[in-house]
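Report on the following structure.
Coordinate-derived values only; no laboratory data. The shown structure was predicted, so the numbers you read here are calculated from the model rather than taken from an experiment. Here Cβ is always computed from backbone atoms with ideal geometry, including for glycine, and neighbour counts include all displayed protein chains.
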Amino acid sequence: MRKKRLEKNWSQQELADYVNLSRNFISDIENPKKITRTRLTDFIKERYNLSDIALKEINHLFIKDFEVYLRTTCGCNSNTTAKFMQFFKRIILLAKNNGWIVADPFANYKIHFAQVDRGYLTQEEIEVIMNKPFATKRLEQVRDIFVFSCFSGLAY
């Protein structure tokens, strides 16, 4: 099956579809930044009943409250919360470096990541997945993207 897929004479359209599918997959890497912005906007609406807040009003308490919001209301685990806080901190540091705020509200705030023990697929397990036939083209594409991410190191 794998050899058939590799030896297949791909049409220009099939190749273009596969490349576009891969591009969409890779562009999803940018998604956490968008989600951070959405979560921050939702937090401001819920906590302060405002659509936006001035940068100078962001302080240590705001940051701690946002962290609690992510853990409780959004149900994020420790590492997901830490990643959101990391993106938020970058925005605040950019504001400080551009002179839009004077003090860094993250100055006494530590971002902690929990140690995670990840399991890995063996070469044999990957080959089983690669050779698995699927009933629909969509599932075959999902499989191909997953295998691509296994070999490229991109997060699935």
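Using a 7 Å offset from the Cα along the Cα-to-Cβ direction at both Asn131 and Asp117, what is the distance between the two label points in nm, to one decimal?
Going from the Asn131 label point to the Asp117 one covers 3.1 nm.
To the nearest 20 debye, what is the magnitude of the charge dipole of region 61-118 about its Cα centre, counting +1 on the Cβ of each Lys and Arg and -1 on the Cβ of each Asp and Glu?
Details: 8 positive and 4 negative charges, 24 e Å.
In total the dipole reaches around 120 debye.
Restricting attention to region 58-108, which chymotrypsin sites (Phe, Trp or Tyr not before Pro) occupy a DSSP loop and are surrounded by at most 16 other Cβ atoms within 10 Å?
Values: sites: Phe62, Phe66, Tyr69, Phe84, Phe87, Phe88, Trp100, Phe106; in loops: Trp100, Phe106.
Here the sparse-neighbourhood loop sites are Trp100.
Rank Asn77, Val116, Pro133 by how far each Cα sits towards the positive end of the charge dipole of region 72-156 (+1 on Lys, Arg Cβ; -1 on Asp, Glu Cβ) and give me just the farthest.
Checked the options; the winner is Asn77.
Over 24 Å between Cα atoms: which of Lys34/Lys132; Lys45/Lys83; Lys34/Lys137; Lys34/Lys96 fall into that group?
Values: Lys34/Lys132 34 Å; Lys45/Lys83 21 Å; Lys34/Lys137 30 Å; Lys34/Lys96 21 Å.
Going by Cα-Cα distance, Lys34/Lys132; Lys34/Lys137 fall outside the 24 Å limit.
Given the peptides 44-50, 109-115, arrange them by the average over their residues of other C-beta atoms within 10 Å, most packed first.
The packing order, highest mean first, is 44-50, 109-115.
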